[in-house]
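Chemist: Okay, handing you the structure first.
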Amino acid sequence: MSPPRVLLTDPLHPDALAAVSQWAQTEQIPDGVVRDASDAWLRDSIGRFDGIVVRRLLPADLFDGADRLRCVMRQGVGLDFIPVERATARGIPVGNTPAVNANAVAEYVFAALLAHARQLADFDASVRAGDWAVRAQAGARTFELRGRTLGLIGFGAIGQRIAAIAQQGFGMAVAVCTGTPAKVPAGMTALQLPALFAASDFVVVACPLTPQTRGMVDAEVLSHARPGAVLVNVGRGPVVREEDLVQALAHGPLGGAVLDVFETQPLPAESGLRQHPRVMLTPHLAGITQEAERAMGLMAVDTLAAVLLRGEQPPNIVNPEVFGTGPQADR
């Protein structure tokens, strides 16, 4: 029997690639193939594979011709890259790699908060321009995190790690907006979204993209923000209405924003966020570190092996109802 064939939409960490290569034949979408060409390549090729590791948006109809496919693995947490309902309808298990990059995202958040609180980019530019005397402004322009309030939208593994660092590392108060407020532990405050913005010096978006969260941080919600508050988005771009955010930065209460994700990625050239002096932008990398890449890659290929080689039902499969039903039950 020939080994399973596994498609990689993008490169894996070398350790993960070595692990999957021990039991599968792997193939990656050719370098330089992006968006429309990538979708076409995937549609033409998906019928040759038993498994796929996903790190880019898949076309909604990809699984229509995937008669051989037996497992789809998202390297990462967010499932908006994958048409999960259509996979479920065809009996294909879909998995993700929850929690393993939570620390990477949390550390990014505090790097962002500290960079804003201490105005690192501005002072760096001043020193490079020969303005040493700017240090006299530090007392008026900078502040400490200790004693400030951090508001969290979402309280999964990432939100919980951010909360722990905020409380234990920086002595911050933590408020949480979540669909399961009963899970918010003692010592933190569960608040609805407008109240969270009103109470917080920093608001961190760390929730998944769902029909309920899409666009929920809008002009009305932003109008409740504490004057000078900073919004950090490490969840999904479409949770925040960017036009409303630009207006809140220009005319409303917000003091700044740190954005790692956007409504449209890459960020369009005409976006009003690009030139805004109080906005810091990064290209969806909060969860990408050497350690996180390795952990996510290994978890992805280990899950594929459990499904493809041993017929197991791993706990990180997000549509467990497919087991025992659908096309894969006959293989």
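The values are calculated or read from the model by the stated rules, or taken from the named source; none is laboratory data. None of the values given here were measured: they were computed from a predicted structure. The protein model used for the area step is the full one, side chains on, heavy atoms only, and it has no ligands, DNA or RNA in it. Shrake-Rupley method; radii C 1.70, N 1.55, O 1.52, S 1.80 Å.
Chemist: Apply the Karplus parameterisation 6.51 cos²θ - 1.76 cosθ + 1.60, with θ equal to phi minus 60°, to every residue of the range 299-309 and state each ³J(HN,Hα) to the nearest whole Hz, in sequence, with x for glycine and proline.
Modeler: Using θ = phi - 60°, the values come out as 5, 4, 6, 5, 5, 4, 4, 4, 7, 6, 8 Hz.
Chemist: Hey, another quick one. Sorted by accessible area with a 1.4 angstrom probe, largest first, how do HIS251, HIS224 fall?
Modeler: HIS251, HIS224
Chemist: In addition: Based on the Cα gyration tensor of the range 16-158, what are the three equivalent ellipsoid semi-axes, each the root of five times an eigenvalue, rounded to whole Å and given largest first?
Modeler: In descending order, the three semi-axes are 45, 19, 14 Å.
Chemist: Can I ask one more? Which number do you get for Rg(Cα) / (2.2 N^0.38 Å) in the range 40-115?
Modeler: 1.35
Chemist: Per residue of the range 12-19, what does 6.51 cos²θ - 1.76 cosθ + 1.60 with θ = phi - 60° give for ³J(HN,Hα)? Whole Hz please, x for Gly and Pro, Karplus curve as stated.
Modeler: 9, 4, x, 5, 5, 5, 5, 5
Chemist: Quick one: angle between helix 242-251 and the longest Cα principal axis of the chain, in degrees between 0 and 90, rounded to 10, please.
Modeler: 10 degrees
Chemist: Counting only protein heavy atoms, what percent of the accessible surface of the chain is carbon or sulfur at a 1.4 Å probe?
Modeler: Reported share for carbon and sulfur atoms: 53 percent.
Chemist: Quick one: in the chain, what % of C-alpha pairs are over 24 Å apart?
Modeler: 59 percent
Chemist: Let me ask you something else. Give me the percent relative contact order of the chain, please, defined on Cα pairs under 8 angstrom at least 6 residues apart.
Modeler: 19 percent
Chemist: Using modelled backbone amide H atoms (1.01 Å from N, in-plane), which distant-in-sequence or interchain residues come within less than 5 Å of VAL174's amide H?
Modeler: LEU150, THR189
Chemist: To continue, here is another question. May I ask you to give the solvent-accessible area per residue for the chain, in square angstrom, as obtained with a 1.4 angstrom probe?
Modeler: Result: 48 Å² of accessible area for each residue.
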